[in-house]
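Asker: Here it is, the structure in full.
The values are calculated or read from the model by the stated rules, or taken from the named source; none is laboratory data. Just so we're clear, the structure is a prediction, and the values are computed from it rather than from any experiment. No Cβ is skipped: glycine too gets one built from the backbone with ideal geometry, and neighbour counts run over all protein chains shown. Only protein heavy atoms, including side chains, enter the accessible area calculation; ligands, DNA and RNA are left aside. Shrake-Rupley method; radii C 1.70, N 1.55, O 1.52, S 1.80 Å.
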Amino acid sequence: MSFTADTKKELTTLQADKKCCQLAMIAGFIRFAGIITYGSDGQGIKVQTDNPAVARAYVSLIKDYFGSKSALTVLEPAKLQKSRQYELRITPDMNSEGILRELGILSVKEGFNIINQHFSSEIIKKRCCKKAMLRGVFLGCGSVTDPRKAYHLEMSCDSSEAAADLCKLINTFGLKAKIATRREKQVVYIKDGEQIKDFLALIGASGQYFKYDNAMMTKEMRNNANRITNCDKANADRSVAAAQKQLADIKLIEEKRGLDYLNPKLKEAARLRLEHSEMTLDELKDLFEPPLTKSGLNHRLAKISEIAAVIRKEG
């Protein structure tokens, strides 16, 4: 199963004990995953999901809160679909219009039903209800990428008003969700790993929170190990290049002037460098009597390079 499917499966096991939270959770799900249907007998509700656990959970939740039955149908996958779809329908004879009004999606103005594009402030007055609505929204239209691959969580919306309300709701908890347009859809997303973890905890997916945290730590440790390896390799490459330059300088002096041209201290450094070309400076400094410091040896080799540079310039 995908990380999204595992997250939704965990969320469907949570029980919203308070009636206000049950209503908020249904409102978030229906508003973002549902479609209002129209017929001669009135307006109905249709929701499709590819997650059977989500479908079963909402059949039960709608019955518990509204006392209404809903029809659940299993649809075989179409040509471009990979899995079955589970269609949840609430028809006018099942009190669909009353449900839409209580969810804050439908209201009456001048004798006509109108669809409210914005969230009902009455449904999300309490902090617990805000969390419940976010849980419902994620179950309806959310996805989260496996943290071993990338850090990305998103929820898609059909309208800019719903996206703006959702983004604002998420950010009341100190998160920094953003909105993007993709294929005529509005997408509310979070790309920071720490904030995705916080969102999972916020909606109640504590098991997935710990899985996400563990994956992030493992990934960070691997990244640190790679950085250290790359740094060590770069240092080794620099050391080899420096040693090659020192050897070239010493051989030039030996060829053009002879090593006796150098003062005793520099001559000793040149001789040991020639004899132990594979050694690092840390290893080479200990061959001197008495042993040199690394900075002392660097100073001598720098002097030798200056002399070689003068010789090159002269001819």
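Asker: Consider ASP249 against the criteria (1) exposed (fewer than 14 other Cβ atoms within 10 Å of the Cβ); (2) over 30 Å from ASP192 (Cβ atoms): it satisfies all of them except one. Which criterion is unmet?
Answerer: (1)
Asker: Can you tell me how many residues in region 167-222 are of a type in the set (Phe, Trp, Tyr), open to solvent by less than 80 Å² (accessible area, probe 1.4 Å) and part of a helix (DSSP H, G or I)? Give the derivation first.
Answerer: Filtering region 167-222 down to residues of a type in the set (Phe, Trp, Tyr) leaves 173, 189, 199, 209-210, 212.
Applying the additional criterion that residues be open to solvent by less than 80 Å² (accessible area, probe 1.4 Å) yields 173, 189, 199, 209, 212.
Retained after the next criterion (residues that are part of a helix (DSSP H, G or I)): 199, 209, 212.
Looking only at that region, the number is 3.
Asker: Here's something else I'd like to know. In this structure, does GLY142 turn out to be modelled with pLDDT of 90 or more, under 18 Å from LYS185 (Cβ atoms) and surrounded by 19 or more Cβ atoms within 10 Å (Cβ to Cβ)?
Answerer: Yes: the conditions hold for GLY142.
Asker: With the condition kept exactly as written, say whether any residue in region 222-238 is of a type in the set (Lys, Arg), out of contact with any strand residue (DSSP E or B) (no Cβ under 7 Å at 6 or more places or on another chain), in contact (Cβ under 8 Å) with a residue 24 or more places away in the chain and on the phi < 0 side of the Ramachandran plot.
Answerer: Checking region 222-238: not a single residue is of a type in the set (Lys, Arg), out of contact with any strand residue (DSSP E or B) (no Cβ under 7 Å at 6 or more places or on another chain), in contact (Cβ under 8 Å) with a residue 24 or more places away in the chain and on the phi < 0 side of the Ramachandran plot.
Asker: I would also like to ask the following. Within region 68-154, considering only strands (runs of 3 or more DSSP E) that don't extend past its boundaries, which have at least 3 residues that are free of Cβ contacts under 8 Å to residues at least 24 places away in the same chain?
Answerer: Output list reads 71-75, 106-109.
Asker: Any idea which residue in region 252-266 is surrounded by the fewest Cβ atoms within 10 Å (Cβ to Cβ), counting only those that are part of a helix (DSSP H, G or I) and not acidic (Asp, Glu)?
Answerer: So, considering only residues that are part of a helix (DSSP H, G or I) and not acidic (Asp, Glu), the one surrounded by the fewest Cβ atoms within 10 Å (Cβ to Cβ) is PRO264.
Asker: Can you give me the number of residues within region 27-44 that are in contact with an Asp or Glu (Cβ under 9 Å, 6 or more places away or on another chain) and open to solvent by less than 10 Å² (accessible area, probe 1.4 Å)?
Answerer: Number of matching residues: 2.
Asker: Sticking with this structure for a sec: Regarding LYS131, is this residue under 27 Å from ILE36 (Cβ atoms) and open to solvent by 20 Å² or more (accessible area, probe 1.4 Å)?
Answerer: Yes: the conditions hold for LYS131.
Asker: With open to solvent by less than 70 Å² (accessible area, probe 1.4 Å), β-branched (Val, Ile, Thr), modelled with pLDDT of 85 or more and more than 21 Å from LEU166 (Cα to Cα) as the only criterion, which of VAL74, VAL59, VAL54 stands out?
Answerer: None of the others qualify; the one that does is VAL59.
Asker: Could you tell me whether region 5-15 includes any residue that is over 28 Å from ASP146 (Cβ atoms) and out of contact with any Cys (no Cβ under 7 Å at 6 or more places or on another chain)?
Answerer: Step one: of region 5-15, the residues over 28 Å from ASP146 (Cβ atoms) are none.
Checked region 5-15: no residue is over 28 Å from ASP146 (Cβ atoms) and out of contact with any Cys (no Cβ under 7 Å at 6 or more places or on another chain).
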